[in-house]
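Trainee: Have a look at the structure that comes next, please.
The values are calculated or read from the model by the stated rules, or taken from the named source; none is laboratory data. This one's a predicted model, so the numbers in the text were calculated from it and none came from an experiment. Here the Cβ positions follow ideal geometry from the backbone for every residue, glycine too, while neighbour counts run over all protein chains shown.
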Amino acid sequence: MIFRFVAALIVLLAVSPAITEGRGGSRSAPAQMAGQPDRPLPDPEAFAAEVRARLQSDRALLSQYTYIERREEISVSKLGKVEEGPVKLYEVYPSREPGNTYKRLIAVDGVPLTPEELEKQDTKHREDVLREMEKRQNESPDDRAKRVRKEAKERAEEQAVFDEIFQLYDIRLVGRDVLEGETMVIATLDPKRDYDPRTGAGKMLKKVRARAWISEADYQIARIEAEVIDDVTYGWGILARLHEGTRAEFVRRKVNGEVWLPAKEIIHASGRSLLFRKFKLDTETTYSDYRKFEVSTGETYGQGH
């Protein structure tokens, strides 16, 4: 779904050194907090530097937690019919190794899977992990070099997108708010009308604007609201079209007093698939019950949940 990609990019956008304090031209009025309406906003560049420094450790910290994911699934038929599917509950065991994160399905529409079904999943995951470990151990020098080049290329392409979107958005600090007792600095992200995107991701993001809440105490992204301001098309509009007005909200919460992790994702979307199939979706995904976890092939899944 486009908004998962948008969310990841917006998190970086919100901490770009290109951020400027809100002044004439911003579409959103500054938020005022009772008791301190005249307190100046942080210095934009210094604030951005603090946020960027802390974002560097998020990926490693996330890999140390297992959690529960409740997802309202979306299904797409071969004829392009898009509809809301069952509600699935997962135990998620992240991994620092690409492809080894384990999403263990434990219930569908409130009905728990049987012990036999769970064991079947666990066995398959262990076999997949062991197979990947064996493949790495027996990797030839040429294969390893090819894999390393591919990973480096992917990182470079991702960085190229990030570099571009720093130029794509007009980002402003516009005020303060309070979320769950924490003071937030609010940033608005509006696409620059005269910017011509160079990447596919940039072309999509040119049609999305957003608003971000950033913790003033520890410089972490706590909430993002995004909205499509012009139709987004896939495959020249033949495969799919996401309509203007589609909205999404992403919420993060502090876990164990040390890291902000995903808590909720809400999407209200409308559009067309395969030219003629209209769809309208309202889905919500929640993330909860974060626990420190060390991945090992001998781990017994399901303990602690």
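Trainee: Across region 178-199, what is the total count of residues that are under 18 Å from the mean Cα position of the chain (by Cα) and closer than 25 Å to Glu157 by Cα?
Mentor: Summing the residues that are under 18 Å from the mean Cα position of the chain (by Cα) and closer than 25 Å to Glu157 by Cα in region 178-199 gives 1.
Trainee: Additional query: Restricting attention to region 38-80, and to residues there that are modelled with pLDDT under 65 and out of contact with any strand residue (DSSP E or B) (no Cβ under 9 Å at 6 or more places or on another chain), which single residue is farthest from Glu216 (Cα to Cα)?
Mentor: Lys78
Trainee: Ok, one more. Please work out which one of (1) of a type in the set (D, E, K, R); (2) more than 30 Å from Glu116 (Cβ to Cβ); (3) modelled with pLDDT of 90 or more is the condition Arg291 fails and give its number.
Mentor: The failed condition is (2).
Trainee: Which residue out of Glu127, Glu164, Glu154, Glu116 is closer than 21 Å to Ser63 by Cβ, among the acidic types (Asp, Glu) and without any contact (Cβ under 8 Å) to a residue 60 or more places away in the chain?
Mentor: Only one candidate passes the filter, namely Glu154.
Trainee: Can we say Glu84 is surrounded by 13 or more Cβ atoms within 10 Å (Cβ to Cβ) and in a loop (DSSP other than H, G, I, E, B)?
Mentor: No: the conditions fail for Glu84.
Trainee: So, one more: With the structure loaded, tell me whether Gly302 is at pLDDT below 85, of a type outside the set (Val, Ile, Thr), in contact with a helix residue (DSSP H, G or I) (Cβ under 8 Å, 6 or more places away or on another chain) and not in a strand (DSSP E or B) or whether it fails that test.
Mentor: Yes.
Trainee: Let me ask you something else. Filter region 102-113 down to residues that are surrounded by fewer than 15 Cβ atoms within 10 Å (Cβ to Cβ), without any contact (Cβ under 8 Å) to a residue 12 or more places away in the chain and assigned to a loop (DSSP other than H, G, I, E, B), then give me how many there are.
Mentor: Looking only at that region, the number is 0.
Trainee: Tell me, which residue of region 86-132 that is of a type in the set (Val, Ile, Thr) and modelled with pLDDT of 90 or more is farthest from Asp289 (Cα to Cα)?
Mentor: Thr123
Trainee: Still on this structure: Looking only at residues that are free of Cβ contacts under 8 Å to residues at least 60 places away in the same chain and assigned to a strand (DSSP E or B) in region 183-208, which one is farthest from Asp230 (Cα to Cα)?
Mentor: Applying the filter and picking the extreme gives Met184.
Trainee: A further question follows. Looking only at region 119-169, which residues are surrounded by fewer than 11 Cβ atoms within 10 Å (Cβ to Cβ), of a type in the set (Ser, Thr, Tyr) and either in contact with a Ser or Thr (Cβ under 8 Å, 6 or more places away or on another chain) or more than 23 Å from Pro94 (Cβ to Cβ) (or both)?
Mentor: Of everything in region 119-169, just one residue is surrounded by fewer than 11 Cβ atoms within 10 Å (Cβ to Cβ), of a type in the set (Ser, Thr, Tyr) and either in contact with a Ser or Thr (Cβ under 8 Å, 6 or more places away or on another chain) or more than 23 Å from Pro94 (Cβ to Cβ) (or both), namely Ser140.
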